[in-house]
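Everything below concerns the one structure shown next.
Please treat every number below as a calculation from the coordinates, not as lab data. From a predicted model like this one, the values you see are computed outputs, not experimental measurements. All Cβ positions, even for glycine, are placed from backbone atoms using ideal geometry, and neighbour counts span all protein chains on display.
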Amino acid sequence: MTVHGPGTALPRSGRSPLRAPPARERFVADLMAEMTIEEKVGQLTGVVLGPSGVTRPADGPAPGVVLVGPRPLTAMARDLAEAQTRIRATARRPIPALAIALHDPTDLPALPPTLARAATWDADLVAELASASAGPLAAAGIHATAGLSVAPALGRAGWADVAGSLGSDPVLAAELVRAHVYGLQGGSAVRPGGGTLAAAVPDVGGTAGQAVRRVDHGWSERTLRTTVLPASESAVRAGAALVLPAAAANDGVPLHADSRLLQQVLRAEWGFTGVVLASADDVLGLAERHHVAETADAALALAIESGVHIVFGPDGADGPGGGDDTAHRMLRLLVEGRLASWLVDAAVVTVLQLKLALGLFDEPVPVRPPLPSPARVALAARAVARSAVLLTDPRAVLPVDGSGPILVVAGGTTVETRGLVNALGRRHPHGAWAVDPDEVGRHQAAAVVVVVDDPEGSEVAIGRLVATGTPCVALVCGADPRVLAPLVATTAAVMLCWQPVHIHADAHADVLLGVAEPGGRLPVPITGDGDRVVFPLGHGAGYTSVEYSHLRITPDRAPGPPQLVVQCRVTNAGDRAGTEVVQVYLRDEVASVARTGTSLAAFTTVELAPGRTVTVTLRIAAARLAVWNRAMRHVVEPGTFTVFVGRSAADLRLRGTVVVESAADLTD
C-alpha cells in the first residue's frame, strides 16, 4: 500500500502553475476593490446547469459556481462553455464560474461505485480510478467534482446510505479518501497525465447518504472525533478544496449553522483554506426543519455567519423564502444591515483565491486527453475483480470448471443477464444458457449462476436450486447487507459484485471462471438478526490459501508514543496466484474511556504467485494508538496494546504486544 502524505498546497487543475502567494493576494485585493456589492454576492451563489441551461433569473448577478449534472461528455463541454460565455458576457468584471461536476459523463464506460472501490482495500487503485474520472471532466471544462461521499456508514444505515460510502471503518475510509483526493488532483503518479480536478468532500459531519436521509444525531464529541470525522479530516489534509456539510444536526446543532465545526475544527485545526458549499434547500432547512432561524433570510444569514461561503441552487418554492432567489435575498440582507459586509467580503476573497489557484483567470491552454475508452474499460474490469467479495463457498463451487454448460438465472424481474450469458459462453468450453429456475434440474450443468439484485426473500428460490444438486452461485449485485444472512444459509456460494452484472459482464465472467480472482474484502460488516455479525469487516475469500508467520513488532516497548513497524511473512500455499489484503488490528487492554474491542490500524494489499512468500511491512502512526480521553484530549496512554495481524477482524492469524511506558498528548 502506498502511503500518501498530507497535501500542503491548494489543489490545481493542471492548467497553470500557482502564482506566488504575494502576487495572488495582490491580484485578489485589486479585484475586490473593483467589484460591486452585486458582483460579490454573485460569487457567493451558485446555479445548476440543467437540460435547458443555467437556472438563474435574468436580472441576477453572474453566479460564482455552476453545478453540472449527468450528461454525455460532449454535451457537458458544450453546455458548460455556453454557460461560461453567458456569464462573462453579462458581467461587468468577467469572472469565470467554478464548474463542479456531480457525476461522471454518462457516455463513458462506467467505473465502479463508491462502495466497490472501498471493497478493493487498495489505495493505489482508488487513486487510479479517481484519476480516470478527472481526465475527461477536466477536458470538458470542469474544475472540481463532488461525485464521491467520504462519510462513514454507521449504525443501522440502509443500503442506499451504505452504498454511497467508503465503508464503515474510519481508518479504511480515511486511507482511501486520501488516495481519492490525490488521484483527482494529480498527486499520485498512477498514470501519465494524472488527475486534474479539485476534490469536494460531501457529508462532512454526517454519515453517507445524509443529504437524502436527513437524520439528526446526538453523537458525543468523542464519537465525532473517533468515528465520524476522520475521513473528512483525511480528505482536507490531503488538499481537498471544497467541503459540503451534511444536511443534518448533531446534538441539536444543524451542521450548516455549526460554526465550531466549520471554523474552529475545519479551518483552525485541520488547516482548510478552501470553500464551504451548501445547497439552498439545506440552508432553508435551518428555518423549515431545524427551527433555529425564524425566516429564510435569517437562515441564510446564519449559514454565512457560521462559515458557509457559497449557496447554490434555487430556493424551495414552498419554503419560507417563497422561491425568492438566494442572490436577491443576500443583497437584501446586506442593504438592511442584517448581514455584515465584512463576512461577505471574507467569503468572496476565499472564493477568488481558490479560483486563482485553480487557474481560472489564466488563458486556456490545451489539457491532457482523457484516458482512452479501451484503457478505461480495462481499468474498470480490473477494479471489478479487485472489488468482488466471495462471502462464502461451502461446497467449493468457485471457480466454475466442471463439465456441462453454465446456467444463468435472473433472480429478479429487472435483472439483465444477457451480457453475462454471452460472456460466459465465449469463455466456458461447454457454453452458457439463460434458463428459468424450474429448468435447472433438467440439465447436467457445470453450475447455475443466480443473478440477484435484491436478496431479501430470495433464499427460498435459491435453496430449491441448491437442492437440485447443481453447483449454485448467487451473484449479488445490490442489497441491504442486513438481509444477506438467510441467503448465506442456503449453502450456495455467495459473491458480492456491487453493480449490475451487465456492466462489464466480461469482467464478472472472468471472476466466476477463475481467469481473475475475487480480491475484494468487506468494507462494512454484514449483520443478521439482532445486529449479530455474520461476516466481519475485512472478510472475503480468494481462490487460494494463504498462511501467515514470523510476526515482528518494532518497538515492542516504548518510553513514549511509538511509531510502530509491523512485519510478517505471507505465503501463498496454493497452486493459483492470489491477492491478499493483510490487515492489522489493535486492542488497548486498559484505557481511561471504554473502547470497543479491536480496531483497524493499517492494511496493505499484496500479489502472491503460487508458493511465493513475501515479507509485508506496515507502519502505524502513534495517533492510531491514541484515545480521546475524559478531558477530550487526544492522547496515547501508557499501557499494553495487543497487535493482531490477519485476514479480517475475526480471522486474526498472528498476535503480539506493545508496551507504552508514558503518556503523550497529541491534541496540539
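Quick notes on this one:
- Between ASP401 and ARG557, the distance separating the two model label sites (each 7 Å from Cα on the Cα→Cβ line) works out to 5.1 nm.
- Whole-Hz Karplus values for the stretch 518-532 come out as x, x, x, 10, 4, x, 9, x, 9, 10, x, 4, x, 6, 5 Hz, taken residue by residue from phi with 6.51 cos²θ - 1.76 cosθ + 1.60 and θ = phi - 60°; glycine and proline positions read x.
- Rounded to the nearest 20 debye, dipole of the stretch 359-461 from Cβ charges on Lys, Arg, Asp, Glu: 580
- Each part reduced to its alpha carbon centroid, the stretch 123-141 and the stretch 438-496 end up 36 Å apart.
- Evaluating 6.51 cos²θ - 1.76 cosθ + 1.60 at θ = phi - 60° for every residue in the stretch 487-498, the Karplus couplings come out as 5, 4, 5, 6, 6, 6, 5, 10, 10, 8, 10, 6 Hz, glycine and proline recorded as x.
- Tensor-based shape of the stretch 246-285 (alpha-carbon gyration tensor, a/c under 1.5 rounded, otherwise prolate or oblate): oblate
- Tilt relative to the chain, helix 21-34 - C-alpha long axis, 0 to 90 degrees, to 10: 50
- Label zone (ASP665, point 7 Å along Cα-to-C-beta; backbone nitrogen cut-off 19 Å) within the stretch 593-635: 593, 622-635.
- Taking other Cβ atoms within 10 Å as a rough exposure proxy, ASP454, ASP529 sort from fewest to most as ASP529, ASP454.
- Computed E for THR491/ALA268 - FRET, C-beta separation, R0 45 angstrom, nearest 0.05: 0.20
- Inter-label distance for GLU82 and GLU589, nm, one decimal - labels placed 7 Å from Cα along Cα-to-Cβ: 7.0
- Student exercise, the chain dipole from Lys, Arg, Asp, Glu Cβ charges, in Debye to nearest 20: 1520
- Theoretical FRET efficiency, 1/(1+(r/R0)^6), r = Cβ-Cβ of ASP575 and THR640, R0 45 Å, to 0.05: 0.65
- The calculated 222 nm mean residue ellipticity attributable to helices in the chain amounts to -8500 deg cm²/dmol, summing -39500 (n - 2.57) over DSSP H runs of n ≥ 4 and dividing by all residues.
- Between the entries [x] 0.96; [y] 0.99; [z] 1.18, the label attached to Rg/Rh (Cα atoms, Kirkwood Rh) calculated for this structure is [y].
- A full extension of the chain between MET32 and HIS430 corresponds to an added length of 136.1 nm, given 0.36 nm per residue minus the alpha carbon distance.
- For the stretch 525-574, trypsin sites (Lys or Arg not before Pro) meeting the loop criterion (DSSP other than H, G, I, E, B) and having at most 15 other Cβ atoms within 10 Å: ARG532.
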